[in-house]
Amino acid sequence: MTVAAVVLAAGGGRRYGMPKALVEYDGSLLVERAVGTAQAVCDTVLVVLGARAVDVWRQAQLGNAVVVANEDWETGMASSLRTGLEGLRGLPLRIDAALITLVDMPGMTPAALERMAGYGTPDALAVATYDGVRGHPVLIGRDHWAGVIETATGDEGARRYLAAHEVTEVDCSGLADPTDLDVPPAS
């Protein structure tokens, strides 16, 4: 089975004050960190850019990641999820499942992504949990892409689709820090 990672990095970072893809964290941009973590596990990594996409593309070292632009990024995360899944559909190789991860989770690790990727089949729907609380990454098998694309709206992403289907919860407690960076750290 072939699992590809999709890094959602299109948002404007309204609460943060700038696009999170351009935020420097421990010596690298958040988008570089997210893509590098994904590349440690997946041969195919697709990164969805939006806000200041040209700046991110010019400044970030994204290796051999496939870069796609979400022109509708201002409408919320769902448009980036749709753009990422559509991007995977357009690749010349068959991808069986998409491992969806977020740019603003610097504590994500290859170990957590690897555990999730182990569930990668065309009919998979899986979500990482941390001490019983659902978080990211989310694994979406190819059989579900059309349904997710059809139902994803606003900032909900795949939440509505996942709520209507049986989802495997994968315990990733201790493998990664699920905290996302919503606001800059206090100085």
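Specify which labelled value, from (1) 0.96; (2) 0.93; (3) 1.01, agrees with Rg/Rh (Cα atoms, Kirkwood Rh) derived from the coordinates of the model shown.
(2)
Based on the alpha-carbon gyration tensor of segment 117-187 and its eigenvalue square roots a ≥ b ≥ c, which shape applies: rounded if a/c is under 1.5, prolate if not and a/b is larger than b/c, or oblate?
Here segment 117-187 falls in the oblate category.
Tell me what the chain gives for mean residue ellipticity at 222 nm when only DSSP H runs of n ≥ 4 count, each as -39,500 (n - 2.57), the sum divided by the residue total, rounded to 500 deg cm²/dmol.
-7500 deg cm²/dmol
Using +1 at the Cβ of each Lys and Arg and -1 at the Cβ of each Asp and Glu in the chain, identify which of Met116, Leu88, Ala98 lies farthest towards the dipole's positive end.
Selected residue: Leu88.
Give me the dipole magnitude in Debye, nearest 20, for the chain about the Cα centre, with unit charges on the beta carbon: positive for Lys and Arg, negative for Asp and Glu. Kindly include the intermediate steps, with their values, before the conclusion.
Values: 14 positive and 24 negative charges, 60 e Å.
Using only the charged Cβ atoms, the result is roughly 280 debye.
Distance in nm between label sites at Asp55 and Ala69, each 7 Å beyond Cα in the beta-carbon direction?
About 1.5 nm, to one decimal.
Applying a 10 Å radius around every beta-carbon, put 152-162, 42-52 in order of their mean neighbour count, most first.
Most protected by this proxy first, the peptides run 42-52, 152-162.
Hey, rough spin-label estimate for Asp26 and Arg89, points 7 angstrom out along Cα→Cβ, what's it come to in nanometres?
Taking the simple label geometry, Asp26 and Arg89 are separated by 3.6 nm.
Take the alpha carbon atoms of segment 133-156, find their center, do the same for segment 50-103, and report the distance between the two centers in whole angstrom.
Each part reduced to its Cα centre gives a spacing of 14 Å.
So in the chain, what percent of DSSP beta bridges are antiparallel if you round to the nearest 5?
40 percent
For the chain, what relative contact order do you get, as a whole percent, if you take Cα pairs closer than 8 Å and at least 6 residues apart?
25 percent
Coordinate-derived values only; no laboratory data. Everything quoted here is computed from the prediction, not taken from an experiment. Backbone-built Cβ (ideal geometry, glycine too); neighbour counts: all protein chains shown.
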